[in-house]
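Structure, as structure tokens:
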Amino acid sequence: MASEPAEPVRPDEIKAIPVRRPGRWVAAALILYLSAALGKSVATNPRFEWGIIGHYFTSSRVLQGLVTTLELTALCMAIGIVIGILLAVMRLSPNPLVSATSWLYIWFFRGTPVLVQILFWGYISALYPRLSLGIPFGPQFVHFTANSVISPFVAGMLALGLNEGAYMAEIVRAGIISVEEGQTEAAQSLGMTRLQTMRRIVLPQAMRVIVPPTGNETISMLKTTSLVSVIAVTDLLYSVELIYAVNYRTIPLLIVASIWYLIVTTLLSFGQYYLERYFGRGTARELPQTPLQRLLRTLSIRHGV
Amino acid sequence: MVKAESVHKRFGRLEVLKGVSLEVQPGEVVCMIGASGSGKSTFLRCINHLERIDAGRLWVDGRLVGYRQSGDKLHELRDAEVCRERSEIGMVFQRFNLFGHMTALENVIEAPIRVRKLRKRDAVGQGKSLLEQVGLTDKIDNYPAQLSGGQQQRVAIARALAMKPKLMLFDEPTSALDPELVGEVLEVMKGLALDFRTTMIVVTHEMGFAREAADRVLMMDDGRIIEEGTPEHFFEAPREERTKQFLSAIL
């Protein structure tokens, strides 16, 4: 066109009347009413016995139970992750006997209830009173009695850890499969061995897929450890059970345990967020902000900085 | 540098290579063209033993690929030996295949450190100068997701060069790139061919590159090499009807 390039005129900012949304107000009012009702009943119902809760919340027996629960969670997840990686790699092995072994393990441990497995390990000495190391049908070198090696704590740890391994195996396998074939090929073409390729290239990238469900498993494990109370391991739940068996303050003590479980799962969720952020590096153009960074940014915008 | 004698490769019942014979001299640049499915990429992957061949023989630098011959028996090489063979051959892929969790520099120094057992300091020095050679000095700390396709492919070339390979294989290195990014990758490859006299086998449809940098051009069709010659001969006066058809379709 031949006309002079006109100075572009910036149109006025749009100032429209927003759509009315009465539904939102109704929903908000309803939620407000319900939470007020709930709050009042929790605060005023004397049977909650908030005083008792406060008294036992940091009592040494409860705290010891909490430590046992945390130890058990950490150990079981460690066992589960190691077994899970091993089983996942075995499952993907070209050797049919190796991959079938992995399949069989997962079939067995996922196919029976974990509570039954805990009871089994708890009563292992009924099945194998004596344990020994040696050559099958040949000489035995070391003997133990089952009860001396497998304490209730060890039984619970083995049951939950071995069971977790079966679930972790599927999670790790999904992660490994999610890494593009091209990554393996590129590593191989550079002369990296199978082990190097797995450890340096595939697993770190599989972590992005593995971490979120593993965090989930850890949180789930924290609560599942309460099942070991059936074989008399003094975890958090069994500790409060022992206390209320004597003083009959059942509800307040169960609330004590629940609050502790909630606190730990909250902390674990934070940890999971940062782990995901770490293993997600390289996949997005920018790392997502941490909650602290987000808070600071919001504040600085509010102040118009 | 590379010698192939009647190489055959089957995938299930589909025969992809039906007797490929080829000799590539040290310092020579060979371009392979042909329709998709004609077996070019498969042949490259066989040279690197990413695929195992079913019949024929393949040598790189005088050594049989993937096997050891004693008398008239062939023994499969052990994994470690296959890895050593592969480490001498650089490969650049169509889809770059950069390690996504590593920065450009980490991509380049990984194999020299793990495979060649270079000290980290030396590998970093070498990696930086290679990234400079491909024009990416300011991108060494970027992750692949933060780089354009052309930049990623140049990092991939630097990564392959970091192993000081005797032979470079390029599997359609510019086919996945936006048109305006093809030039920067071809420039780097031209530099390798003309300035460094690197032995290269390049599967490509970039006729300009073939014309300028290749010593020889091969046409593959249906698992065989049906025509070969200098770029001049190839583009000015192809003999085979199939070659004429293919060239007129892509030019």
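Every number in this text was worked out from the coordinates using simple rules, so none of it is lab data. Computed from a predicted model, the values in this text were never measured in an experiment. Heads up, the Cβs are rebuilt from the backbone with ideal geometry, glycines too, and the neighbour counts pull from every protein chain shown.
In straight-distance terms, cross-link reach from residue B:244 covers every one of the aspartates and glutamates whose alpha-carbon lies under 18 Å from its own, apart from those fewer than eight places away in the same chain; here that gives B:206, B:221, B:222, B:227, B:228, B:232, B:236. With all pairs of separate Cα atoms included, segment A:128-170 yields a Kirkwood hydrodynamic radius of 12.2 Å.
Residues B:227, A:276, A:13, ranked from the fewest to the most other C-beta atoms within 10 Å, line up as A:13, A:276, B:227. Across chain B, the relative contact order, built from alpha-carbon pairs under 8 Å that are at least six residues apart, equals 26 percent.
Within chain A, the longest run free of exposed loop sites, counting trypsin sites (Lys or Arg not before Pro) that sit outside DSSP helix and strand states (H, G, I, E, B) and have at most 11 other Cβ atoms within 10 Å, spans A:21-284.
Ranked by how many other Cβ atoms sit within 10 Å of their own Cβ, fewest first, the residues B:246, A:108 fall in the order A:108, B:246. Structure remark: mean-square fluctuation, Gaussian network model of chain B, C-alpha springs under 10 Å; the largest value among B:175, B:87, B:36 belongs to B:36. Computed from backbone phi, the HN-Hα couplings of segment A:246-261 come to 9, 9, 6, 8, 4, 4, x, 6, 5, 5, 4, 4, 4, 4, 5, 4 Hz, rounded to whole numbers (Karplus: 6.51 cos²θ - 1.76 cosθ + 1.60, θ = phi - 60°; Gly and Pro given as x).
Legend: mean number of C-beta atoms from other chains within 10 angstrom of residue C-beta atoms, peptide A:191-198, equals 5.
A simple count of charges around residue B:172, restricted to other residues whose Cβ falls under 13 Å of its Cβ and scoring Lys, Arg +1 and Asp, Glu -1, yields +1. Placing a pseudo-label 7 Å from each Cα along the Cα-to-Cβ vector at residue B:18 and residue B:121 gives an inter-label distance of 5.9 nm. Dividing the convex hull volume of the alpha-carbon atoms in the protein assembly as shown by its residue count gives 310 Å³ per residue.
Counting each DSSP H run of 4 or more residues in chain B as -39500 (n - 2.57), what helix-only mean residue ellipticity at 222 nm follows after dividing by all residues, to the nearest 500 deg cm²/dmol?
Here the helix-only value at 222 nm equals -11000 deg cm²/dmol.
As a proxy for reagent exposure, ranking B:243, B:137, A:44 by other Cβ atoms within 10 Å from fewest up yields A:44, B:137, B:243.
Summary value for chain A: 23 percent relative contact order, contacts being C-alpha pairs under 8 angstrom separated by 6+ residues. Longer than 23 Å from Cα to Cα, which of B:3/B:166; B:40/B:128; B:117/B:164; B:117/B:166 are they? Say none if no pair is. B:40/B:128, as the Cα separations exceed 23 Å there.
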